[in-house]
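Trainee: I'd like to ask you about the structure that follows.
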Amino acid sequence: MTPKVRFAPSPTGYIHIGNARTALLNWFYAKRNDGLFLLRLDDTDRERSKAEYAEAIVEDLKWLGIEPDETMRQSDRTDVYDAAAEKLKAAGRLYACYETPEELERKRKRLLGRGKPPVYDRAGLNLDAAEIAAFEAEGRKPHWRFLLKDRAVRWGDEVRGKQHIEAGSLSDPVLIRADGSYLYTLPSVLDDIDCKVTLVCRGEDHVTNTGVQIQLFDALDATPPAFAHHNLLTDASGAGLSKRMASLSLKNLRADGFEAMAVASLASIIGTSDPVAPHTSMGALADLFDFGKLSRAPARFDFQELEGLNAKLLHQLAFMHIEDRLAEVGVAGGEDFWNAVRGNLDKFSDVVIWWQVVSGEIVAGKENPDFLNRAAEFLPADPWNETTWGNWTKQVKDATGVKGRDLFHPLRLALTGKDRGPELSVLLPLIGRDKALRRLKD
Ligand code: GLU
């Protein structure tokens, strides 16, 4: 069977770096195993699911370099879910319950008060026809629970090793709400069956669900896929990343000028045994991928680490990888210019600032005008190369006796308008003699 994985976000918000981790791990698994990647939009929550979020998810994945082989949405498959629900009802595995949320809460509190686990008491299972008729006459609509079998569910998790869940200690899960809409569980299992998903890779917050889901695969006469539950990302305080944490949404990271490969590198490498480093291609990240490298502990996401990684990625990015983007922002300096300035970029957009320094007009800083005038007199004749700066400053030093910071800082400030930046030995030839002279003497 062709290996097949799925990434199954709910389009109820923008996806963040933690969701990116799930998507990337699935993608790398598919790449490494000649498999298929399915994007499944879990949009059974009719009120909170929005088309704009679904579109943003597709766009965000594309930005990362993920192009799904197939895309589907659960809202298109209600008929399939309805048919399966009828089958489960007929088999006695799906039963109607009439408690209101308040009644359920009271039951829960009562059990907790007696020091018992708050497991649903299956009252719905024992209702007779007259009791059901009375509830219906009150206008109550049932919600539907899946009758779990009281036995341990076991599976070998690709990340966590041998797992088992005692289904007898869980409440029978609600599969269908009183308004007829489906919770995520039944649709997810049916989709995994019908789409022939061979491996479910998702966050470890779904480990308990897996116990329920494996029983559901059995009840639907299907073989469960393999499972891999990866560690989750937390924020700096150790709290989970919420979907609505706007600053870490891929949309915002992109708008803030982060490189997709910096985000992909960090999202997929933190919390593994590999050192966090920027990689410039998805192929390179796929080569690193191995479920065995994932730690069991949560991985702490640090925004500064992302900033550092972004800069590092740019510093080592070869011209051929960036040529087109330089052209897009009107930077025409070619490979020499890129190599001269890349080491000073935090974000790609900074390149425009240095292009201005090299090719446009700047406000030259005048720290010591007399000294600058004097220095200008020693500017060598063309042609200039990378030795020009060293030869020139040596001459200025010999002639004026000025050295160290007093020598270099006023020159840098006048020539670039900035306190710091790329090596002047490489920048000066790019600025050229005419502009250098003007900036020193203006
Ligand atoms: N829609 C679910 C979620 O976003 C999918 C979980 C799964 O991959 O099974 O958590």
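We did not get these values from a lab; they are worked out from the coordinates using the rules stated. Treat the numbers as computed from the prediction; the structure is a model and nothing was measured. All Cβ positions, glycine included, derive from the backbone under ideal geometry; neighbour counts span all protein chains shown.
Trainee: Under 5 Å between amide hydrogens, which residues at least 5 positions from residue 300 or on another chain qualify, with H placed 1.01 Å from N in the peptide plane?
Mentor: Correct list: 234.
Trainee: Restrict the search to segment 1-107; then list the GluC sites (Glu not before Pro) that DSSP places in a loop and that have at most 13 other Cβ atoms within 10 Å of their Cβ. Intermediate values should be presented prior to the final figure.
Mentor: Details: sites: 47, 52, 55, 59, 70, 86, 99, 102, 103, 105; in loops: 47, 99.
When the GluC sites (Glu not before Pro) of segment 1-107 are filtered for loop state and at most 13 Cβ neighbours within 10 Å, 47 remain.
Trainee: Compute the normalised compactness of segment 282-364: alpha-carbon radius of gyration over 2.2 N^0.38 Å, N being the residue count. Spell out each step's value before the answer.
Mentor: Numbers: Rg = 16.9 Å, N = 83, 2.2 N^0.38 = 11.8 Å.
For segment 282-364, the normalised Cα radius of gyration comes out at 1.43.
Trainee: State the antiparallel share, in %, of DSSP beta bridges confined to segment 1-152, rounding to the nearest 5.
Mentor: Numbers: 4 of 12 bridges.
Taking every DSSP beta bridge with both residues in segment 1-152, the antiparallel ones total about 35 percent.
Trainee: Quick query: amide H of residue 157 versus all other amide H atoms, modeled in the peptide plane; which residues come in under 5 Å with a sequence gap of 5 or more or a different chain?
Mentor: 162, 163
Trainee: Expected output is a single nm value to one decimal: the length gained when fully extending between residue 119 and residue 339, i.e. 0.36 nm times separation in residues minus the C-alpha distance. What is it? The partial results should precede the final answer.
Mentor: On the way: separation 220, 0.36 × 220 = 79.20 nm, distance 6.38 nm.
In short, 72.8 nm is gained.
Trainee: Which ³J(HN,Hα) values, rounded to whole Hz and listed in residue order, are derived for segment 23-30 from phi using the Karplus coefficients 6.51, -1.76 and 1.60 in 6.51 cos²θ - 1.76 cosθ + 1.60 with θ = phi - 60°, glycine and proline given as x?
Mentor: 4, 5, 4, 4, 4, 5, 4, 4
Trainee: P(r) tail for segment 287-442, what percent of Cα pairs lie past 23 Å? Can you show the working numbers first?
Mentor: Values: 5636 of 12090 pairs.
Value for segment 287-442 (Cα pairs over 23 Å): 47 percent.
Trainee: Here's something else I'd like to know. Could you tell me the distance between the Cα centroids of segment 326-352 and segment 99-144, to the nearest Å?
Mentor: Using only Cα atoms to place each centre, the spacing works out to 65 Å.
Trainee: Continuing with the same structure: Report the semi-axes of the equivalent ellipsoid for segment 174-300 in whole Å, largest first, where each axis is √(5λ) for an eigenvalue λ of the Cα gyration tensor. Intermediate results must be reported in sequence, preceding the final value.
Mentor: Numbers: eigenvalues 193, 72, 42 Å².
Semi-axes (√(5λ), whole Å): 31, 19, 14.
Trainee: Under 12 Å from the Cβ of residue 396, count the other residues' Cβ atoms, weight Lys and Arg +1, Asp and Glu -1, and hand me the total.
Mentor: For residues surrounding residue 396, the net value is +1.
Trainee: May I pose another question? For the residues 355, 63, 27, what sequence is obtained by ranking on other C-beta atoms within 10 Å, fewest first? Could the numbers behind the result be given before it?
Mentor: Details: 355 20, 63 16, 27 28.
Least crowded to most crowded, the residues run 63, 355, 27.
Trainee: List every residue whose amide H lies under 5 Å from the amide H of residue 94, counting only residues 5 or more places away in sequence or on a different chain, with H placed 1.01 Å from N in the peptide plane.
Mentor: Counting only residues 5 or more places away or on other chains, the set is 89, 147.
Trainee: To continue, here is another question. Each residue of segment 53-63 in turn: what ³J(HN,Hα) in whole Hz from Karplus with 6.51, -1.76, 1.60 and θ = phi - 60°, glycine and Pro shown as x?
Mentor: 6, 4, 5, 5, 4, 4, 5, 5, 5, 4, 4
Trainee: Then there is this: Quick one: work out Rg over Rh on the C-alpha atoms of segment 221-283, Rh as Kirkwood radius.
Mentor: Numbers: Rg = 15.0 Å, Rh = 14.1 Å.
For segment 221-283, the value is 1.06.
Trainee: Ok, one more. For every helix of n ≥ 4 consecutive DSSP H residues, a contribution of -39,500 (n - 2.57) applies; sum these over the chain, divide by its total residues, and give [θ] at 222 nm rounded to the nearest 500 deg cm²/dmol.
Mentor: That calculation yields -14000 deg cm²/dmol at 222 nm.
Trainee: Using 10 Å bins from zero, what percent of all Cα-Cα pairs in the chain falls into each bin?
Mentor: 4, 17, 21, 18, 13, 10, 7, 6, 4, 1, 0
Trainee: Starting from the Cα-Cα distance between residue 255 and residue 420, subtract it from 0.36 nm times their residue separation and give me the gain in nm to one decimal.
Mentor: Working: separation 165, 0.36 × 165 = 59.40 nm, distance 2.63 nm.
Contour length minus Cα-Cα distance gives 56.8 nm.
Trainee: Can you list the residues of segment 186-224 with backbone N under 17 Å from a point 7 Å past the Cα of residue 90, pointing along Cα to Cβ?
Mentor: The answer is 219-222.
Trainee: Go ahead and run the numbers for FRET between residue 79 and residue 347, Cβ-Cβ distance against an R0 of 45 Å, rounding to 0.05.
Mentor: On the way: r = 48 Å, r/R0 = 1.08.
E between residue 79 and residue 347, to the nearest 0.05, is 0.40.
Trainee: Can I ask one more? Please give the length that would be gained between residue 207 and residue 171 if that part of the chain were fully extended, namely 0.36 nm times their separation in residues minus their C-alpha to C-alpha distance (nm, one decimal). Don't skip to the end; give the middle numbers.
Mentor: Details: separation 36, 0.36 × 36 = 12.96 nm, distance 1.52 nm.
Between residue 207 and residue 171, full extension yields 11.4 nm more.
Trainee: Only loop residues by DSSP count here, and only those with at most 16 other Cβ atoms within 10 Å; note down the GluC sites (Glu not before Pro) in segment 351-442 that meet that.
Mentor: On the way: sites: 361, 367, 377, 386, 423; in loops: 361, 367, 386, 423.
Passing both the DSSP loop test and the Cβ count: 361, 367, 386, 423.
Trainee: When only alpha-carbon atoms count, how far does segment 147-220 stretch along each of its three principal axes, as whole angstroms with the largest first?
Mentor: 39, 30, 22
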